[in-house]
Number of protein chains: 2
Amino acid sequence: MSVSVETSAGAAPTPGDTSVPARRQHLAQRTLAARPSEVRKVFRAAQRPGMISFANGAPYLGALPFERIAADAQRILLESGERSFQYGSSDGIPELRAHICELMKLEGITAGPDQVIVTSGSQQALDVAARVLVNPGDVIFAEGPSYAGGMAVFTSYEAEIVHVPMDADGLIPEELERLIGEVRADGKTARGLYTIPNFQNPGGVNLSAERRLQVGELCRSNDLLIFEDNPYGLLGFDGETMPAIQPGFEDITLYFGSFSKMIAPGLRVGWVLPPASLYGHLLNASETSQLNPAVYSQQLISAYLDDPAWRDKLVEYRAIYREKFNALVETLAEVMPAGTIWNRPTGGFYLWVKVPAGIDTEALVYDCIERGLVYVPGTAFYTDGSGHNELRMSFCLPSLDEIRKGAAILGKVFSDAVAGAASSD
Amino acid sequence: MSVSVETSAGAAPTPGDTSVPARRQHLAQRTLAARPSEVRKVFRAAQRPGMISFANGAPYLGALPFERIAADAQRILLESGERSFQYGSSDGIPELRAHICELMKLEGITAGPDQVIVTSGSQQALDVAARVLVNPGDVIFAEGPSYAGGMAVFTSYEAEIVHVPMDADGLIPEELERLIGEVRADGKTARGLYTIPNFQNPGGVNLSAERRLQVGELCRSNDLLIFEDNPYGLLGFDGETMPAIQPGFEDITLYFGSFSKMIAPGLRVGWVLPPASLYGHLLNASETSQLNPAVYSQQLISAYLDDPAWRDKLVEYRAIYREKFNALVETLAEVMPAGTIWNRPTGGFYLWVKVPAGIDTEALVYDCIERGLVYVPGTAFYTDGSGHNELRMSFCLPSLDEIRKGAAILGKVFSDAVAGAASSD
């Protein structure tokens, strides 16, 4: 999320900031325009030892075959160390791009390795795309709520996010259509739709197959680009895989993929499959921003995917995440105050929880942190100030024991808040 | 360098571009404003098998202790695989930041690990800095010639590069002062100075100690930021190390460092030490652009630096590069046409060559490529169309044999061109 150091404020937002405010004339307009956010404090709290964290959208890595991966890591450097450590191609190594095309095939995407650009995580791909495509003042539609880091990319290029409401089948096409009309009527440029169609972050819902077509057609007829962000598509608890939006809309869709949720975020490997017409522009921008993606990281991912055992590991992870999810919702059902509701995601990393109106999750997160639990307040996922009685719970990384203990803390703090509110009425 | 696919052109600039032009209304203004460049073709030629390349500013990696590094790579994953593969801190891992501070101390910089932000190579650091600090239309001063990739970062945010002439002691302060006045008189905003003070890319010169102070004072009194880019500082042939500009100008200098030239570009690890007042802004922007630098890459660099043997390796590299440099200039002296001149860098990666006026290095590079040699034409290093009778030769990666053969090809092609020009007079 975009966090601005207020130039007039004395508070040091980061360890290295020694309370010296920046001179306003040194900062670009896009920096001065950045919204301050409180959420970074929450993520810093999540790093404290002993803290139970529902905050980080981080995968559980304990089931990875590190002995095998470590042996690969050694072998690759002994066999081809100079390649691993030298500058590489700005679009990524060919063997990884071939694997990426195989992966995308699972979601109905037909693409060749020469159409794919590997990036430092899909975050960098989003960043490059926004740089190439977004002007200050443009409107980007995004589900409400949506991924804070994705929205931060667009707003860092001074785009305005307009949220499209969701229901159990994902974003509502009629609402998108209505909002496109409103934006146009306001004289603004509607540039594109940023959507996470599978196990949406943070909503947890899937965009239905029927709506994928509707949304695609709507974007086409209104000349909107589709930014399809899909880090979770293969992580359905039961292995069900939805077809991507991209097929049929190849000319207007930028598809973003990532190995961060399935394998290893620390390697920072993701990719973008853009329309052919945008490929050259994106590649140039990616090269300007970082020359090329790290070669060795790509080789490690590629080696992992060379062994068909990665599919069994994926099945194992789905089961682990399903069990954690079940533990979370079972505990929540026992401990949360009346009037708290949540949906039932069938995969992904997140549970989206709504608490009774009047309970402010942004204020209460500090009470929870004091008791050893951290989550992300709902306000982080909207750019319009919504979300005060909502929160996101990431359930993949904490242990079953932590999940139960953490949920119990949440239940206690929120129940006390409800009781406090009632007694002060 | 910034390369634009001309929307009206049919030529496919990249493998994935299937000659489908982008619709202009889809592209951001900063994309439409990008200058087309021919140089990318040259770098693609450099990747052909059998090509002798003086084009890539790439280090020689053959002397790296890959057995030891591979053992480290394995050990790290066995000991702390979950840390290596998990999301990391957006400012980088603490042990690497501590090493970075030790390195910077060698150049007279006093800084603590909490002031440093690790990035995906210094390229990403430059990119983040430009994003935070540069508005469209701002002027950035840069040596003429200067690093194409650095200038591309600034121009991608629609800055204008104004070149400051150099002599044997680096950029000329009086010229900088004069140009600041001109820019101001034109009503433009002079935002900062981008400089590579050590073994400048591509000029090969060092900014003298006296001028470092003059330049710092000039920037301070004119409210310019200093973007001090220093990938080569420790790579003097004889190990001489110049003090950085940053000490004494900590409040206006962003110092950029890199492990790409000293250890391994393929790991993509660099850093920025910004003024305290800008730290928070840069960290936020870096997080937006890629969440965090790759953890495992940082651990590998850190492990390499844990063993004091890295200093002996540096000494070894200096000797290797000196020998290659000597072979290059000795051969050039034998083969180049009369009127060709070059300077004598005392370190770094580059020799800057001026050929007789009328000989166009941008045209002749294709003749050289046909004969199996590639270099970078001088035009890549200016934004004002200069450089047609100049070229950059990177001498660190090719073998001694390739250097001699490559220089001979260059001498033949250029001598033929001179003879052709004379005979057609």
Could you list all residues from region A:167-189 that are among the aliphatic types (A, V, I, L, M), surrounded by fewer than 24 Cβ atoms within 10 Å (Cβ to Cβ) and touching a helix residue (DSSP H, G or I) at 6+ places or on another chain (Cβ under 9 Å)?
A:Ile172, A:Ile180
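If we scan region B:197-216, do we find a residue that is without any contact (Cβ under 8 Å) to a residue 60 or more places away in the chain and within 14 Å of another protein chain (Cβ to nearest Cβ)? Lay out the reasoning, then the answer.
From region B:197-216, those without any contact (Cβ under 8 Å) to a residue 60 or more places away in the chain are B:197, B:207-216; that's our starting set.
The next check asks that each one be within 14 Å of another protein chain (Cβ to nearest Cβ); those that pass are none.
Within region B:197-216 (the criterion being without any contact (Cβ under 8 Å) to a residue 60 or more places away in the chain and within 14 Å of another protein chain (Cβ to nearest Cβ)), the answer is no, since none of the residues qualifies.
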Those residues of region B:219-254 that are under 13 Å from B:Tyr194 (Cα atoms) and in contact with a helix residue (DSSP H, G or I) (Cβ under 7 Å, 6 or more places away or on another chain) come to a total of 7
Only one of (1) in contact with an Asp or Glu (Cβ under 7 Å, 6 or more places away or on another chain); (2) surrounded by fewer than 24 Cβ atoms within 10 Å (Cβ to Cβ) is not met by B:Arg220, so which one is it?
(1)
Boolean, A:Phe259 is modelled with pLDDT of 95 or more, closer than 23 Å to B:Pro21 by Cβ, buried (at least 20 other Cβ atoms within 10 Å of the Cβ) and of a type outside the set (D, E, K, R):
no
Considering each residue of region B:323-336, count those that are surrounded by 17 or more Cβ atoms within 10 Å (Cβ to Cβ) and not aliphatic (A, V, I, L, M), and give that number.
3
I'm checking my understanding of the structure. Among residues of region A:275-299 that are more than 8 Å from every other protein chain (Cβ to nearest Cβ) and in contact with a Leu (Cβ under 9 Å, 6 or more places away or on another chain), which one is surrounded by the fewest Cβ atoms within 10 Å (Cβ to Cβ)?
A:Gln299
Which residue is farthest from B:Leu400 (Cα to Cα), if the candidates are limited to region B:44-76 and must be free of Cβ contacts under 8 Å to residues at least 60 places away in the same chain and hydrophobic (A, V, I, L, M, F, W, C)?
B:Ala71
Among what's in region B:107-134 and is under 25 Å from B:Gly236 (Cα atoms) and among the β-branched types (Val, Ile, Thr), pick the residue that is surrounded by the fewest Cβ atoms within 10 Å (Cβ to Cβ).
B:Thr110
B:Val162 being over 21 Å from A:Thr31 (Cβ atoms) and β-branched (Val, Ile, Thr):
yes
Residue hits (region B:301-357; free of Cβ contacts under 8 Å to residues at least 60 places away in the same chain, among the aromatic types (Phe, Trp, Tyr) and in a helix (DSSP H, G or I)) are B:Trp310
Do any strands (runs of 3 or more DSSP E) entirely within region B:58-177 hold 2 or more residues that are more than 8 Å from chain A (Cβ to nearest Cβ) and out of contact with any Ser or Thr (no Cβ under 9 Å at 6 or more places or on another chain), and if so, which?
B:160-167
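Of the residues A:Tyr255, A:Tyr279, A:Tyr232, which is of a type in the set (Ser, Thr, Tyr) and in contact with a Phe, Trp or Tyr (Cβ under 7 Å, 6 or more places away or on another chain)?
Values: A:Tyr255 fails: in contact with a Phe, Trp or Tyr (Cβ under 7 Å, 6 or more places away or on another chain); A:Tyr279 fails: in contact with a Phe, Trp or Tyr (Cβ under 7 Å, 6 or more places away or on another chain).
Exactly one of A:Tyr255, A:Tyr279, A:Tyr232 is of a type in the set (Ser, Thr, Tyr) and in contact with a Phe, Trp or Tyr (Cβ under 7 Å, 6 or more places away or on another chain), namely A:Tyr232.
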I'd like the full set of residues that are touching a Leu at 6+ places or on another chain (Cβ under 9 Å) and not hydroxyl-bearing (Ser, Thr, Tyr), limited to region B:350-361.
B:Leu351, B:Trp352, B:Val353, B:Lys354, B:Val355
What about A:Val353, is it crowded, with 19+ Cβ neighbours inside 10 Å and closer than 22 Å to A:Val205 by Cβ?
yes
(1) surrounded by fewer than 24 Cβ atoms within 10 Å (Cβ to Cβ); (2) within 27 Å of A:Ile140 (Cα to Cα); (3) in contact (Cβ under 8 Å) with a residue 12 or more places away in the chain all hold for A:Asp360 apart from (2)
Return yes when A:Arg322 is touching a strand residue (DSSP E or B) at 6+ places or on another chain (Cβ under 9 Å), among the basic types (Lys, Arg) and more than 7 Å from chain B (Cβ to nearest Cβ) and no when it is not.
yes
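The values are calculated or read from the model by the stated rules, or taken from the named source; none is laboratory data. In this text, all values refer to a predicted model and were calculated from it rather than measured experimentally. Here the Cβ is made from the backbone with ideal geometry for all residues, glycine too, and neighbour counts use every protein chain on show.
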